[in-house]
Amino acid sequence: MRLLAVLVVLASPSLARAQKDAVVKAAAVQAAANWPTALSIWEWAEPGYQETKSAKALADLAAKAGFKVTRGVAGIPTAFIAEFGSGGPVVGILGEYDALPELAQTTDPVRTIRQGGNGYGHACGHHVFGVASLSAAIAIAEEIRAGRLNGTIRFYGCPAEEGGSAKAFMARAGLFNDCGVCLHWHPGSRNSAGDASCLARIAVKFRFHGTAAHAAGSPEKGRSALDALLLTMHGVELLREHTPDGTRLHHTVTGGGGAANVVPEFAEGFFYVRHPKAEVVQKLYPRLTKCAQGGALATETKLEVAYLGGTMEILPNNTLAQVAKANLTKLNDLKYDAEETKFALRLQETFETKVPLDTITKVEDVSGKSSGGSTDVGDVSWVVPTVGFSTACWVPGTPGHSWQAVACGGTTIAKQGMTLASKTLAATAYDLMTDAKLLAAAKEEHTRRLDGRTYVPLLEKDQRPPLDYRDPPRRRGAE
Ligand SMILES: [Zn+2]
């Protein structure tokens, strides 16, 4: 085994280059073959922790490619691990597949709600996220099987990224502990790479239980749960002014009564608090909860707090970011044909500002920046050196979490971006599996950035994954 490893390392540079080219080509072939699976996941558009069909499709693909598949990890039915090979280095690749509510959309470049589904849409492109990552993992596995690479490639099937914090539960379960490095990517409206970070985040649902009564005939007998929620939201709006710079607070009503002539007995709101540092988010969370307590006190209703967990900010790794950026820049071959250009220009008519289409030929350096959003990849990055990048799967200027992103996701524009991602992941995994010094440098940087801190997930003790967080609001006594 050791002799083989030495032979691989000592192989001539031109041979190594040819081998890397072959891996990249294999990743592109896999991406093309698996594009129909991405389209199926786009159509299913399953909510977080309910991605039964999507997770099964990916796990079955991995099993067919000879991976050892472990389904239902970390107490989550739709989380799985698929691995190929043995021994080190262990390279992990993350894949996601959950969709977003209220964003069903056809592939038309004008707002057209897709009928017949569940109202969800892949507005964050996770349908290509999972498939591109697995395609790259399969390409690497082929090299291991042929004896040209040593080590283990491991695909992580990660559900419920959108507010479900699944990777935090997976990290707490120790699933990333033996990984040398973890790779991920994200669909976007441009290509980008660099040692960027994101916002840490805590998610919570406040449920209020009041007393129903006729809103006109006997309002004095009622206690409005909706009033409690409205007061809470007002409190949060006032809190906003007195928070550290960079704080983000947002909320939505997920339940608030059903008839204007009934005092609502039940109301529920979904709240997020975010900041570039997890330690600040942890300090803000009790203040958010006080707003809800105040809402309940003033309206004589009962508050129920459903803590959904939180995610860390990404601990960047510049050593790895440089490798991913070099590969993405070298491999970027995105180009719209006439039909794609027509679609893109029509879609751009729905935006206030238009970003030039030729920006897809470039790779933006996002080093030192924040993505502005949150991701549970953050939790992984505190356990193992982690790197990610973005490819243009959406028309330039398309915001994430928009119907426009859903529309792009079902077209060949997303297929192109997904293929580029798969190739870049495979090339980066190849570099890391053939360069022990690089892996060691990434690890050294990781230790340096941790600066003596250890990973403590933003989860309550013994907290179980909130598998029902996308269910309709749950009323007390209705279980
Ligand atoms: Zn996303």
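The values are calculated or read from the model by the stated rules, or taken from the named source; none is laboratory data. These numbers come from a predicted model, not from an experiment. Don't worry about glycine lacking a Cβ; one is built from the backbone with ideal geometry, like all the others, and counts go over all protein chains shown. Protein only, heavy atoms only, side chains kept; ligands, DNA and RNA dropped before computing areas. Shrake-Rupley method; radii C 1.70, N 1.55, O 1.52, S 1.80 Å.
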message: If I ask for residues that are more than 22 Å from T428 (Cα to Cα) and within 20 Å of the chain's Cα centre (by Cα), which ones from segment 21-37 would you list?
response: T37
- request: Specify which of the listed residues (T359, T353) is at pLDDT below 95 and closer than 20 Å to P399 by Cβ.
  value: T353
statement: Going through segment 152-164 in order, the residues found to be open to solvent by less than 10 Å² (accessible area, probe 1.4 Å) and either under 9 Å from the mean Cα position of the chain (by Cα) or within 12 Å of the ligand (Cβ to nearest atom) (or both) are C158, P159, A160, G163, G164
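Answer yes or no: is there a residue in segment 116-128 that is at pLDDT 95 or above and away from the ligand (no atom under 16 Å from the Cβ).
Looking for residues that are at pLDDT 95 or above and away from the ligand (no atom under 16 Å from the Cβ), one finds at least one in segment 116-128, hence yes.
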task: Would you confirm whether any residue within segment 367-388 is more than 30 Å from L175 (Cβ to Cβ) and hydrophobic (A, V, I, L, M, F, W, C)?
output: no
statement: The one condition G180 fails out of (1) within 16 Å of the ligand (Cβ to nearest atom); (2) in contact with a Pro (Cβ under 9 Å, 6 or more places away or on another chain) is (1)
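Any residue at all in segment 407-423 that's within 25 Å of A141 (Cα to Cα), surrounded by fewer than 24 Cβ atoms within 10 Å (Cβ to Cβ), more than 18 Å from the chain's Cα centre (by Cα) and not charged (D, E, K, R)?
yes
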- request: Among the residues of segment 295-317, write down those that are part of a strand (DSSP E or B) and under 25 Å from V280 (Cα atoms).
  value: L303, E304, V305, A306, Y307, L308, G309, G310, T311
task: Restrict the check to segment 151-173 and report whether at least one residue is at pLDDT 95 or above and more than 28 Å from P47 (Cα to Cα).
output: yes
message: Condition first: more than 16 Å from the ligand (Cβ to nearest atom) and touching a helix residue (DSSP H, G or I) at 6+ places or on another chain (Cβ under 7 Å). Now tell me which residues in segment 84-104 satisfy that.
response: F84, G85, P89, V91
query: How many residues are assigned to a helix (DSSP H, G or I), of a type in the set (K, R) and closer than 28 Å to S370 by Cα when one looks only at segment 208-251?
result: 1
- prompt: Does any residue in segment 134-153 that is in the same structural domain as D21 (by TED's automatic domain parsing) and in contact (Cβ under 8 Å) with a residue 60 or more places away in the chain come within less than 6 Å, Cβ to Cβ, of a residue that is assigned to a loop (DSSP other than H, G, I, E, B) and open to solvent by 10 Å² or more (accessible area, probe 1.4 Å) six or more places away or on a different chain, and which pairs are these?
  reply: I138/A65; G151/G88; G151/P89
task: For residues that are open to solvent by 10 Å² or more (accessible area, probe 1.4 Å) and within 13 Å of the ligand (Cβ to nearest atom), tally how many sit in segment 129-146.
output: 0
message: Among the residues of segment 442-453, what is the count of those that are open to solvent by 40 Å² or more (accessible area, probe 1.4 Å) and part of a helix (DSSP H, G or I)?
response: 5
- line: Restricting attention to segment 322-356, the residues that are open to solvent by less than 70 Å² (accessible area, probe 1.4 Å) and more than 28 Å from L438 (Cα to Cα) number exactly 11
Answer residue from segment 357-384, given it is within 20 Å of T428 (Cβ to Cβ) and in contact with a Cys (Cβ under 7 Å, 6 or more places away or on another chain) and is surrounded by the fewest Cβ atoms within 10 Å (Cβ to Cβ) among those: S371
